[in-house]
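Step one of this worksheet: look at the structure below.
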Amino acid sequence: MDETMETSRIEARGLRQSREIEAHLAWLDSFTGTALGVLSVASGIYTYLGVSSLLDDTGALSVFAAMAYSIAVSVGIFVFWSYMLRLLPAVRSAASRIGLLASMGLGSLAIVAMSSWLNAAALAGAAAVEQHLATTVQDYQGALERANIIAVSAQGLGRDVARVRTSFEDLGEQEASGGLSGFAGRGAVFRLLRQKSDELTALEAQIASQQPLLDAAFAEGNATLSRMRALTVAPGPVETRAVEFSEEAVRLAGVITTLRQLSVAPLVARAARDLSASVVLPQLDGGDDAARSGQQATIDSVLTVLGQRAQTLGSAAEAVIAMPPPPDTTYTPISAADAVILYARNFVPSWAGAIAIDLLPAVLVLIVSVAQAAVRSGREGVAVEDQMTLAELRGALIALREIEAITPAAPIDALREAPDETAPSSRPVDLARPAE
C-alpha cells in the first residue's frame, strides 16, 4: 500500500513538472518564430553585403541579383530551422532522431557554405584585404632586402679583385728591380704582369661604378615600400587603396629586378676564367739564352700564380652566384570574401559571429528537444484520466451534456437494456426449412 502511494506521489510530481514545462514552451513558442525571422533577416543583410563585394558591376542588375540571393538565404534559413524546431523534438524513435540530426548537420553545412562565409566577408572583409596588403608588403620587403644583400656581396668581390691586382703590381715592381727573373728592367715578364694588372684595374673600376646605381636602386625600393605601407593603413575605401598599391607593387618589382641585374658576380666569374685562359705571352727579350731561359721560367711561375689567383677569385664569385635568389613576389588583387577565407586564422571572432548568427537556432532545437523529452518522461506511466486537468475535465463534462442533448428522447439506460435488432437472432434455425 505504501509503495502504491509513493508511486502515485512520484507520478503526480512528474505530471506537475510536465505541465509546467508545457506552459513555458507555449509561452516561448509565441515569439520563437519572430526571433527566428529576425535572425534570418540579419543573416540575409550581411549576405547581401558579402555578395555585393564579389560583384564587379554596380548596376541595377547586380543589386537585384545580390538582393535575390540574400532573400533566398533568409527564407532558406527560416524554413530549415522551422522544420527542425517542429519535427526533431516531436519524434521518439532513435532512428528518426538520428535521421533528423544528420539532416540538421547537412543543412548546417549548407548554411555555412551559402551564407556564413559571406557574412564573415561583410564583417571583416576590409580588414582581411588590408591584411593581404600588409603580407604582400612583407614579402616585397624580404625580396628587396635579399636582392640588396646579393648585390652588396657581389660588390664585396671588388676587394678580392683589388687584392689580386695589388699582388700583380707588386710582382711587377719586383721584376722591374730584377727581383724575379734576375734581370732588372721592364721586359717580357714585367709586361705580362702589367697586362693582368691593367685587366684587374678595369674590372675593379667597373665594379666601383655599380655602387652608386646600387645605392640609388635600394633607396628607391625603400621609398616605394614606405608608400605601400602607408596605403595599407591609410583611411578611405580599401578598393581605391588597392589600386594604388598595385601600381607601387609593379614599380617595386622593377626595382628588385634592377638590383638583381646590378650584381657583378657573373662578371667577376667570367673575368676570373679569362684571367688565366686568355694570356698574351710577350716576346722574350733577353740578351742571351740564359736571360731568355730565366724569363721563360719566371713567366711559367707567373702563369702558375695567375691560375691560382684566378681560381680563388672565381670561387668567391661562384659563392655569391650560388646565394639563394630573392623569391618571386607578385601582388595579386583579392576580393574581400577570398581574403577572409585566405586569412581566416586572423579573423576567428568574425568567423565565429558569422557562423553563430546562422547556427544559433540549432541550440534552440536542442533545448526544445530536451524539454519535450522531459515532458514525455513526466507523463510516462500515468493513466490518461489522471493526466486530465480541471479545465479538461470541465470540457469533457460539457461535451457529454451536449451529446445527451442531441440523443433521442429514450433514456440512455433504456437504450442499453433494449435488444439490438441488428444482432443475429438467438432462436435455432431449421436447416431443412427453405429460406423465405
Handout entry: With DNA, RNA and ligands ignored, accessible area of R194 (1.4 Å probe; Å², nearest 10)
Key = 90
Fill in the blank from the handout: Given 24-37, 348-361, 324-337, the highest-first ranking by average Cβ count within 10 Å works out to 348-361, 324-337, 24-37
Handout entry: Cα-based shape type of segment 121-169, given that a ≥ b ≥ c are square roots of the gyration tensor eigenvalues and the cut on a/c is 1.5
Key = prolate
Exercise for the section: Could you calculate the FRET efficiency of L360 with V243 from 1/(1 + (r/R0)^6), where r is the beta carbon distance between them and R0 is 56 Å, rounded to 0.05? Expected result: 0.90
Completion exercise
By the mean-Cβ-within-10 Å protection proxy, highest first, 152-158, 203-209 rank as 152-158, 203-209
Handout entry: Protection proxy ranking of 72-78, 218-224 - average other beta-carbon atoms within 10 Å, highest first
Key = 72-78, 218-224
Completion exercise
Simple spin-label estimate for S82/T257, 7 Å along Cα→Cβ, in nm, reads 6.0
Handout entry: Probe 1.4 Å, protein heavy atoms only - accessible area per residue of segment 72-162 in square angstrom
Key = 43
Handout entry: Residues in segment 120-156 that a label on Q206 would reach, taking backbone N under 15 Å of a point 7 Å out along Cα→Cβ
Key = 155
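The values are calculated or read from the model by the stated rules, or taken from the named source; none is laboratory data. No experiment lies behind these values; they were computed from the predicted model shown. All Cβ positions, even for glycine, are placed from backbone atoms using ideal geometry, and neighbour counts span all protein chains on display. What goes into the accessible areas is simple: the full protein's heavy atoms, side chains included, and nothing from ligands, DNA or RNA. Shrake-Rupley method; radii C 1.70, N 1.55, O 1.52, S 1.80 Å.
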